[in-house]
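Participant: Take this structure, written in structure tokens, and hold onto it; I'll ask about it next.
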Amino acid sequence: DGKEACRMALLVDPDIILMDVQMPRMNGLEAVHILKKRYQFNKPVIAVSANAYKQDLEEYVTHGIDDYLTKPYNEKQLKMILCRQLLKHANTRDQVDISMLKQAGNNEESIVRELSKRFYKQVDEFI
């Protein structure tokens, strides 16, 4: 339920939240609004809902939702949204510095490209 979602978000401080919109006691939109306004929760929140009408999606944004997944969703859709939001909200220290890849690859474009592919493959496997 939404109250439990708020309690757990504050207790655990996750990097990202998947929030179902329709829950008992307090819906997901109310929970996100409380987290973001009262507690200044600044991590991305992804709404999960069967509602995909434009007006619903616009309402999600007004409540502080960062992105949404429409049910039913597949693994690829989930991975894309998780990557997009995690990269969007990443701290500068967490981002990959391409100059390090260039240095490791002696500035050879083909090596840098290969290193990048390996990195993103590992990220994909991790997620």
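Participant: Over the chain, average the accessible area per residue using a 1.4 Å probe and give it in Å², no decimals.
Facilitator: 71
Participant: Okay, which of the stretch 22-52 sit inside 11 Å, backbone N to the point 7 Å along the Cα-Cβ direction of residue 11?
Facilitator: Of the residues in the stretch 22-52, none has backbone N under 11 Å from the label point off residue 11.
Participant: What does the extension gain come out to for residue 22 and residue 52, with contour length at 0.36 nm per residue minus their alpha carbon separation?
Facilitator: Full-extension gain reported as 9.5 nm.
Participant: Expressed in nm to one decimal, what extension gain is obtained for the pair residue 71 and residue 111 from 0.36 nm per residue of sequence separation less their Cα-Cα distance?
Facilitator: Roughly 10.4 nm would be gained on extension.
Participant: Now a separate question. For the chain, set up a GNM with springs between Cα atoms under 10 Å and report which of 81, 111, 34 has the largest fluctuation.
Facilitator: Maximum among the listed residues: 111.
Participant: Separate question: Have a look at 107, 28, 49 and report the one farthest towards the positive end of the charge dipole of the chain, computed about the Cα centre with Cβ charges (Lys/Arg +1, Asp/Glu -1).
Facilitator: The residue sitting most towards the positive pole is 28.
Participant: Which number gives the lysine pairs in the chain that have C-alpha atoms under 16 Å apart and are eight or more places apart or on different chains?
Facilitator: 9
Participant: Here is a follow-up. Quick check: convex hull over the Cα atoms of the chain, volume per residue in Å³, rounded to an integer?
Facilitator: 128
Participant: Would you tally the net charge around residue 108, using a Cβ to Cβ cut-off of less than 11 Å, leaving residue 108 out, and scoring K and R as +1, D and E as -1?
Facilitator: 0
The values are calculated or read from the model by the stated rules, or taken from the named source; none is laboratory data. Computed from a predicted structure; not experimentally measured. Methodologically, a virtual Cβ is constructed for each residue, glycine included, from the backbone with ideal geometry; neighbour enumeration extends over all protein chains shown. These area figures cover heavy atoms from the full protein model, side chains too; ligands, DNA and RNA do not enter into them. Shrake-Rupley method; radii C 1.70, N 1.55, O 1.52, S 1.80 Å.
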